[in-house]
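Here's the structure we're looking at; comments come further down.
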Amino acid sequence: MSRPAAIHAWFESSTIDGASEHRIVLEDLPPVLGAARQTVHWRAMEVAGLELPPVVDSYVFGLALIAARADRDLVVHGAMSLHGLFNLGQLLAARHELMPWKFPRECELTPDRVVEIHRPPGAADGGIAALSGGLDSTYTVMRHALGTDGAASHKLGAMVMIHGFDAPFDRPDLFAAMRDRARPTIERVGLPLHTVRTDIRKLDNACWPESAIPLTANALAMFSNQYAFGVVSAGAPYDVLRMGLSHPPAFDALASNGWFTVITDGGACGRADKLEALAAYPRVIDCIKVCWEGSDPSRNCGVCKKCLLTRLNLLTAGIESDRCFDDPLDLSLIERLRWRNVYEARDFFTLCWNEMQRRGTKGPAVDALRRALRRVPAKGPDWAGFFGRLGGRVRRACGVGARAATANTPDLTLSSERAEG
């Protein structure tokens, strides 16, 4: 059986009204992505003269995931680096193996040419960071821009905020409010903040959040002729087991290529750890925007699970002020928490409860969360049973030696004993 027609992609650049625009012209798109021929825009506002990088790798990573999601191959009319092509193959293979229901096969990439490329001697070696205004990215830019890790801090020259992710492409008013909310962070960091405006999400086809870092790297790579690397924030710490779902740091690093390196920061820190690191900057904490379920992307609704998680993280970090929310915490919201699946409950264990336990946090909110975590649904993937059965088979086949190999298999059973600590 023959494969459906591949998607073709061309890459262009120009300066329009003082803004550098990089365009991706796409042809033979499947109906699920809309019209067969479309153009995607990446526009660096008020920055003229940004040429396309010598390889288009950073522009292909997100497109390849979108093509794989649509069960199509991708023909790239441009040069790709050998490093980038290899990384992309690894990313697509991993996504297919771990999420075959979402990425039905590995997308086959066919670039016009493949080259080996390196930064020229004497080229700028600094970096540019992504700032969304959330806790993770705020921690990352503050940490490196202020050099709090000493010699281990990355040298940053600028930041980028992307219009078209949280705030829709056609709502510049909402994006302006988001950017204005982050002003205390921007002023404290003291680095130039660029705005990149894009309509790529019109093609995303439910690839988010797997496409989040590849697409963010695309925006940062608009400045890759000036900066050798881009810094993005880890979405969750290393101990959050999601079986390859979302965008774990190991997958984020695969968005690197022979011209532009992507560095993921903060995977070793929990959310309370990050808030503790920011405690000396109360105005910065007050402006953090964590909500993604509310109708206004420039404010925190205060009642969704992500907002409640952050309120509890603040409590865990010993920060009583929660001025990033409009209203005081209503404990009944925690009492009424319900979990749509095992992973939601697990997030509250790994992103909140475990940090509370380590710090000995006490109070009515902690008691309310303990009671809520007792009500964990039985439905959802039985990973604990799967690993248990797998471990039994391995032990029977291999004897005592296999017992050590499976001893560290995470216990995914969520029970009242665990909630009690």
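The values are calculated or read from the model by the stated rules, or taken from the named source; none is laboratory data. Only a predicted model underlies this, so the values are computations on that prediction, with no experimental measurement involved. Note that we place each Cβ from the backbone using ideal geometry, even for glycine, and neighbour counts take in every protein chain shown. Surface areas here come from the heavy atoms of the whole protein model, side chains and all, with no ligands, DNA or RNA. Shrake-Rupley method; radii C 1.70, N 1.55, O 1.52, S 1.80 Å.
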query = Just going by the charge dipole of the chain, with Lys and Arg at +1 and Asp and Glu at -1 on Cβ, which of Gln90, Pro328, Pro30 is farthest out on the positive end?
reply = Pro328
request  = Of the options Gly266, Ile213, Val366, report the single residue whose Cα projects farthest towards the positive end of the charge dipole of the chain (beta-carbon charges: Lys, Arg +1; Asp, Glu -1).
outcome  = Val366
query = Scanning the chain for helices, which whole DSSP H stretches are 27 Å or more long along the axis (Cα) and average -1.0 or more by Kyte-Doolittle?
reply = none
message = Within the chain, count lysine pairs with alpha carbon atoms under 27 angstrom apart where the residues are 8 or more positions apart or belong to different chains.
response = 20
key: Magnitude of the charge dipole, the stretch 90-231, Cβ model with Lys/Arg +1 and Asp/Glu -1, debye to 20   = 280 debye
remark   = For the chain, the accessible surface attributable to carbon and sulfur atoms (probe 1.4 angstrom, ligands and nucleic acids excluded) amounts in percent to 53 percent
Largest-first ordering by accessible area, 1.4 Å probe, given options Lys305, Lys274 = Lys305, Lys274
query = Considering only protein heavy atoms, what per residue accessible area in square angstrom results for the stretch 48-113 with a 1.4 angstrom probe?
reply = 37 Å²
inquiry  = So if I place +1 on the C-beta of Lys and Arg and -1 on the C-beta of Asp and Glu, and nothing else carries charge, what would the dipole magnitude of the chain be about its Cα centre? I want it in debye, nearest 20.
reply    = 1500 debye
ask   = Which one is right for this structure if Cα extents along the principal axes in Å is calculated from it: (1) 65, 49, 40; (2) 58, 58, 44; (3) 77, 48, 48?
value = (2)
query = In a GNM of the chain with a 10 Å cut-off on Cα contacts, which of Ser321, Ser13, Ser295 has the highest mean-square fluctuation?
reply = Ser295
query = Using a Gaussian network for the chain with springs between C-alpha atoms less than 10 Å apart, which of these wobbles most: Pro248, Pro214, Pro54?
reply = Pro54
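Over the stretch 315-354, consider all pairs of different Cα atoms and compute the Kirkwood hydrodynamic radius from their mean reciprocal separation; express it in Å, one decimal.
Evaluated over the stretch 315-354, this radius sits at 12.0 Å.
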message = When a/c reaches 1.5 or more, the comparison of a/b and b/c decides; with that in mind, is the stretch 99-231 rounded, prolate or oblate per its Cα gyration tensor?
response = oblate
request  = Check each of the trypsin sites (Lys or Arg not before Pro) in the stretch 116-183 and keep only those in coil by DSSP with at most 14 other C-beta atoms within 10 angstrom; list them in order.
outcome  = Lys155
task = Please tell me the relative contact order of the stretch 1-114 in percent, rounded to the nearest whole number, where contacts are Cα pairs under 8 Å and at least six residues apart.
result = 26 percent
message = Could you compute how much accessible surface Thr195 exposes when probed at 1.4 Å, giving the result in Å² to the nearest 10?
response = 20 Å²
task = For Ser81, list long-range residues whose amide hydrogen, built 1.01 Å from N in the peptide plane, is under 5 Å from its own amide hydrogen.
result = Val56, Asp57, Val115, Gly258
request  = Evaluate the charge dipole of the stretch 1-147 about its Cα centre and quote only its size in Debye, nearest 20, assuming +1 on the Cβ of each Lys and Arg and -1 on the Cβ of each Asp and Glu.
outcome  = 340 debye
Highest-fluctuation residue, Ala36, Ala234, Ala152 considered, GNM on the chain with Cα pairs under 10 Å = Ala152
Relative contact order computed over the chain (Cα-Cα under 8 Å; 6+ residues apart), in percent = 14 percent
task = Mind running the shape call on the stretch 187-306? Use the C-alpha gyration tensor, a ≥ b ≥ c as the square roots of the eigenvalues: rounded below 1.5 for a/c, prolate if a/b tops b/c, oblate otherwise.
result = rounded
ask   = Got a sec? What order do Trp339, Trp10 fall in by accessible area at 1.4 Å, biggest, i.e. largest, first?
value = Trp10, Trp339
